[in-house]
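Undergrad: The structure follows.
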Amino acid sequence: SVSYESVLIHFRKMNDFVQSLKGIPERWWLMPIAEGKWSPGEIIAHLIEWDRFLPKAAEPAPARQDGAPRLGEADELNARAARWAREEASREEVLAAFHHTRTRLLKRLESVPGTDRDAPFFIGNRSLTLTDYLKGLADHDEHHRKQIEAFLRTRDGSRNGPASDSREGFGCKLAQGL
(Lines give C-alpha, C1' and ligand atoms only; values in the text may rest on other atoms or scores of the structure.)
Protein backbone atom coordinates (compact mmCIF):
# COMPACT_ATOMS: atom_id res chain seq x y z
CA SER A 1 0.00 0.00 0.00
CA VAL A 2 1.03 3.59 -0.49
CA SER A 3 2.89 5.20 2.37
CA TYR A 4 2.04 8.56 3.89
CA GLU A 5 5.54 9.81 2.97
CA SER A 6 5.18 8.83 -0.68
CA VAL A 7 1.92 10.79 -0.88
CA LEU A 8 3.69 13.87 0.51
CA ILE A 9 6.43 13.48 -2.12
CA HIS A 10 3.72 13.30 -4.77
CA PHE A 11 2.10 16.51 -3.45
CA ARG A 12 5.46 18.33 -3.69
CA LYS A 13 6.03 17.10 -7.25
CA MET A 14 2.55 18.21 -8.25
CA ASN A 15 3.37 21.71 -7.01
CA ASP A 16 6.47 21.69 -9.25
CA PHE A 17 4.35 20.59 -12.21
CA VAL A 18 1.75 23.29 -11.57
CA GLN A 19 4.43 25.99 -11.27
CA SER A 20 5.87 24.82 -14.62
CA LEU A 21 2.64 26.04 -16.25
CA LYS A 22 4.09 29.54 -15.98
CA GLY A 23 5.89 28.57 -19.15
CA ILE A 24 2.94 27.71 -21.39
CA PRO A 25 1.61 30.25 -23.92
CA GLU A 26 -0.90 32.62 -22.34
CA ARG A 27 -3.65 31.64 -24.80
CA TRP A 28 -3.52 28.00 -23.67
CA TRP A 29 -4.10 28.87 -20.01
CA LEU A 30 -7.86 29.37 -20.45
CA MET A 31 -8.34 27.14 -23.51
CA PRO A 32 -10.63 24.15 -22.78
CA ILE A 33 -8.55 20.97 -22.86
CA ALA A 34 -11.34 19.31 -24.88
CA GLU A 35 -14.94 19.96 -25.89
CA GLY A 36 -16.97 20.79 -22.77
CA LYS A 37 -13.95 20.51 -20.46
CA TRP A 38 -12.15 22.94 -18.23
CA SER A 39 -9.00 24.82 -19.22
CA PRO A 40 -5.65 24.29 -17.45
CA GLY A 41 -6.33 27.43 -15.40
CA GLU A 42 -9.75 26.20 -14.28
CA ILE A 43 -8.34 22.77 -13.39
CA ILE A 44 -5.66 24.31 -11.16
CA ALA A 45 -8.26 26.51 -9.44
CA HIS A 46 -10.33 23.37 -8.83
CA LEU A 47 -7.32 21.65 -7.20
CA ILE A 48 -6.81 24.66 -4.90
CA GLU A 49 -10.34 24.26 -3.56
CA TRP A 50 -9.74 20.59 -2.75
CA ASP A 51 -6.50 21.44 -0.96
CA ARG A 52 -8.41 23.98 1.14
CA PHE A 53 -10.79 21.27 2.29
CA LEU A 54 -8.06 18.97 3.34
CA PRO A 55 -6.86 20.54 6.57
CA LYS A 56 -10.20 19.57 8.08
CA ALA A 57 -9.35 15.95 7.33
CA ALA A 58 -5.98 16.43 9.01
CA GLU A 59 -7.47 17.56 12.32
CA PRO A 60 -7.13 15.34 15.39
CA ALA A 61 -9.58 12.44 15.17
CA PRO A 62 -12.54 13.87 17.17
CA ALA A 63 -12.77 17.02 15.07
CA ARG A 64 -12.34 15.09 11.88
CA GLN A 65 -15.89 14.18 10.96
CA ASP A 66 -16.24 16.04 7.72
CA GLY A 67 -13.28 15.97 5.40
CA ALA A 68 -15.06 16.49 2.09
CA PRO A 69 -17.91 18.55 0.72
CA ARG A 70 -21.23 16.92 -0.08
CA LEU A 71 -22.17 16.37 -3.68
CA GLY A 72 -24.20 19.55 -4.19
CA GLU A 73 -21.54 21.59 -2.42
CA ALA A 74 -18.81 20.02 -4.55
CA ASP A 75 -20.51 21.12 -7.77
CA GLU A 76 -20.89 24.64 -6.42
CA LEU A 77 -17.27 24.66 -5.26
CA ASN A 78 -16.06 23.50 -8.67
CA ALA A 79 -18.17 26.07 -10.52
CA ARG A 80 -16.92 28.87 -8.27
CA ALA A 81 -13.28 27.83 -8.68
CA ALA A 82 -13.60 27.67 -12.48
CA ARG A 83 -15.27 31.09 -12.59
CA TRP A 84 -12.53 32.60 -10.42
CA ALA A 85 -9.81 31.34 -12.79
CA ARG A 86 -11.74 32.38 -15.89
CA GLU A 87 -13.01 35.79 -14.90
CA GLU A 88 -11.18 37.18 -11.89
CA ALA A 89 -7.66 35.89 -11.35
CA SER A 90 -4.56 36.18 -13.51
CA ARG A 91 -2.47 33.10 -14.23
CA GLU A 92 0.14 34.40 -11.76
CA GLU A 93 -2.51 34.69 -9.04
CA VAL A 94 -3.81 31.17 -9.64
CA LEU A 95 -0.31 29.66 -9.62
CA ALA A 96 0.68 31.63 -6.50
CA ALA A 97 -2.53 30.54 -4.75
CA PHE A 98 -1.86 26.90 -5.61
CA HIS A 99 1.70 27.19 -4.31
CA HIS A 100 0.58 28.87 -1.10
CA THR A 101 -2.26 26.44 -0.39
CA ARG A 102 -0.24 23.33 -1.27
CA THR A 103 2.78 24.46 0.77
CA ARG A 104 0.61 25.22 3.80
CA LEU A 105 -1.09 21.87 3.41
CA LEU A 106 2.25 20.05 3.27
CA LYS A 107 3.43 21.77 6.47
CA ARG A 108 0.24 20.71 8.20
CA LEU A 109 0.48 17.13 6.94
CA GLU A 110 4.16 16.80 7.87
CA SER A 111 3.26 17.59 11.48
CA VAL A 112 0.49 14.96 11.81
CA PRO A 113 1.76 12.30 14.26
CA GLY A 114 2.15 8.76 12.94
CA THR A 115 -0.69 7.40 15.05
CA ASP A 116 -3.15 9.90 13.53
CA ARG A 117 -2.09 9.11 9.98
CA ASP A 118 -3.71 5.72 10.15
CA ALA A 119 -6.49 6.32 12.66
CA PRO A 120 -9.87 5.72 11.02
CA PHE A 121 -12.37 8.55 10.61
CA PHE A 122 -15.66 8.87 8.79
CA ILE A 123 -16.73 10.74 5.69
CA GLY A 124 -20.45 10.16 5.62
CA ASN A 125 -20.71 6.52 6.65
CA ARG A 126 -17.44 5.48 5.06
CA SER A 127 -14.47 4.80 7.31
CA LEU A 128 -11.01 5.69 6.01
CA THR A 129 -7.65 6.87 7.28
CA LEU A 130 -5.91 10.14 6.54
CA THR A 131 -3.43 8.17 4.41
CA ASP A 132 -6.32 6.69 2.36
CA TYR A 133 -7.87 10.12 1.94
CA LEU A 134 -4.59 11.67 0.78
CA LYS A 135 -4.03 8.79 -1.63
CA GLY A 136 -7.41 9.65 -3.18
CA LEU A 137 -6.32 13.27 -3.55
CA ALA A 138 -2.99 12.23 -5.06
CA ASP A 139 -4.90 10.14 -7.63
CA HIS A 140 -7.08 13.16 -8.34
CA ASP A 141 -3.96 15.30 -8.88
CA GLU A 142 -2.59 12.65 -11.26
CA HIS A 143 -5.81 12.45 -13.24
CA HIS A 144 -5.74 16.21 -13.86
CA ARG A 145 -1.98 16.37 -14.46
CA LYS A 146 -2.31 13.72 -17.18
CA GLN A 147 -5.21 15.63 -18.75
CA ILE A 148 -3.18 18.85 -18.87
CA GLU A 149 -0.08 17.07 -20.20
CA ALA A 150 -2.12 15.37 -22.95
CA PHE A 151 -3.62 18.75 -23.88
CA LEU A 152 -0.19 20.41 -24.02
CA ARG A 153 1.15 17.59 -26.21
CA THR A 154 -1.69 18.07 -28.70
CA ARG A 155 -1.10 21.84 -28.77
CA ASP A 156 2.57 21.21 -29.48
CA GLY A 157 1.81 19.74 -32.82
CA SER A 158 -0.37 16.68 -33.20
CA ARG A 159 -3.74 16.89 -34.94
CA ASN A 160 -6.45 15.65 -32.67
CA GLY A 161 -7.60 16.79 -29.26
CA PRO A 162 -6.83 14.93 -26.05
CA ALA A 163 -8.74 11.78 -25.26
CA SER A 164 -12.03 12.66 -23.70
CA ASP A 165 -12.58 11.69 -20.09
CA SER A 166 -15.77 12.21 -18.17
CA ARG A 167 -14.33 12.38 -14.66
CA GLU A 168 -14.34 16.16 -14.48
CA GLY A 169 -16.92 16.48 -11.73
CA PHE A 170 -14.53 14.92 -9.26
CA GLY A 171 -16.68 16.44 -6.53
CA CYS A 172 -18.34 13.31 -7.44
CA LYS A 173 -15.84 10.84 -6.07
CA LEU A 174 -14.54 12.59 -2.96
CA ALA A 175 -17.97 13.69 -1.78
CA GLN A 176 -19.03 10.07 -1.90
CA GLY A 177 -16.02 9.22 0.24
CA LEU A 178 -13.62 8.44 -2.63
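The values are calculated or read from the model by the stated rules, or taken from the named source; none is laboratory data. The model shown is predicted, which means the values in this text are computed figures rather than measured ones. Please note: Cβ atoms are built from the backbone with ideal geometry, for glycine as well, and neighbour counts cover all protein chains shown. To get the accessible areas, we keep the full protein, side chains included, count just its heavy atoms, and leave off ligands, DNA and RNA. Shrake-Rupley method; radii C 1.70, N 1.55, O 1.52, S 1.80 Å.
Undergrad: Could you give the length gained on full extension between L30 and H100, defined as 0.36 nm per residue of separation minus the Cα-Cα distance, in nm?
TA: So the chain would gain 23.1 nm between L30 and H100.
Undergrad: Taking θ = phi - 60°, what integer Hz values does the Karplus form 6.51 cos²θ - 1.76 cosθ + 1.60 yield along region 87-98, in sequence order, with x for Gly and Pro?
TA: Using θ = phi - 60°, the values come out as 10, 10, 9, 7, 4, 4, 5, 5, 5, 5, 5, 4 Hz.
Undergrad: Still on this structure, I have one more. Using modelled amide H (1.01 Å from N, peptide plane; none on Pro or chain starts), what sits under 5 Å from the amide H of I33, excluding residues fewer than 5 places away?
TA: Placed amide hydrogens put W38, S39 under 5 Å from I33.
Undergrad: Another one. Quick one: which of 82-89, 42-49, 129-136 comes out on top by average Cβ neighbours within 10 Å, and what's the full order, highest first?
TA: Sorting 82-89, 42-49, 129-136 by mean packing, highest first, produces 42-49, 129-136, 82-89.
Undergrad: Tell me the accessible surface of R153 in square angstrom (1.4 angstrom probe, heavy atoms of protein chains only), to the nearest ten.
TA: Result for R153: roughly 150 Å² accessible.
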